[in-house]
Structure formats: structure tokens, C-alpha cells
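One structure is given here, and the rest of the page talks about it.
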Amino acid sequence: MDGGDLSLNEDVQVGKGNSKADKKNWTAIEEVALAKAWIHISTCKKVGNEQGRDKMWERILEHFAATITDTKRTHHSLNTKWKNMNHAMGVFNGLYIQQDYVSTIFDNFSANAVVGERT
């Protein structure tokens, strides 16, 4: 896989060993719980930007663990997953904006062509 490929269900190490048995795929429920935890903690007005990176991810893990009970994920694995998800969302958002822009141009061109105007 080259650096441009994205995998939304990549393996994340949840144990101390390096064997495949120590890795667990992320579920859609876990991904949603991570996104909700990140939003909740990153927009907290009480703490704001006063928290360090590690403390922020520890708080995200606490919020995540309240939703996903018995999780073995660490704040490091959540951070890694978030980076991958955030990158994928950025790519999607860029493509969506491009599509929306092209659709607007096409719609304007089509409307002008219907009434006989030239652009």
C-alpha cells in the first residue's frame, strides 16, 4: 500500500505484544464514539486550549471508554486512529467541495443555455 491509500479499518495495536492476535480492527461504533469524544473534549470551554496534548488524549480516552466499555484501546491508539480518520475526512471534504463547485457551474451554464443566453 502506498502512502496515499487510506484504510478506515486498519489494525491498531491494543496490547504490548507485536503479534497479529494483539491487534483489533476498529468498528464503526468505535469510530463514531471516537469522533464524539474528540468533539466533546476539544470543544470543552472549561479547559479549552489549556490542556497538553497527552492530557487531552487521556480525557478523550476517558470519554471514549464511557461509551465503549471494556475497551483495551490506549490514548495513543485513539490519537493514531483520529489522525487517519481526520485525513480521510479532509480528503472527502475536498472532493465534496469540488463536486459542489462543478455542479454549481454546470447548473448555471444549463440555466443560461435554456433561455438562449451565451456564456
- Message: Which count do you get for residues in the range 38-60 that are over 15 Å from LYS83 (Cβ atoms), among the hydrophobic types (A, V, I, L, M, F, W, C) and either open to solvent by 70 Å² or more (accessible area, probe 1.4 Å) or modelled with pLDDT of 85 or more (or both)?
- Response: 2
- Message: Being closer than 14 Å to ILE68 by Cβ and of a type in the set (Lys, Arg) is the filter here; which residues of the range 23-45 pass it?
- Response: LYS24, LYS36
- Task: Have a look at SER110, SER7 and point out the one that is in a helix (DSSP H, G or I), open to solvent by less than 80 Å² (accessible area, probe 1.4 Å), of a type outside the set (Phe, Trp, Tyr) and modelled with pLDDT under 75.
- Result: SER110
- Query: List, please: which pairs have Cβ atoms under 7 Å, are six or more places apart or on different chains, and start with a residue in the range 61-82 that is under 18 Å from ALA28 (Cβ atoms) and end with one that is open to solvent by less than 30 Å² (accessible area, probe 1.4 Å) and among the acidic types (Asp, Glu)?
  - Reply: ILE68/GLU30
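The values are calculated or read from the model by the stated rules, or taken from the named source; none is laboratory data. Please read these numbers as outputs of a predicted model, since none were measured by experiment. No Cβ is skipped: glycine too gets one built from the backbone with ideal geometry, and neighbour counts run over all protein chains shown. SASA here: full protein model, heavy atoms, side chains in, ligands and nucleic acids out. Shrake-Rupley method; radii C 1.70, N 1.55, O 1.52, S 1.80 Å.
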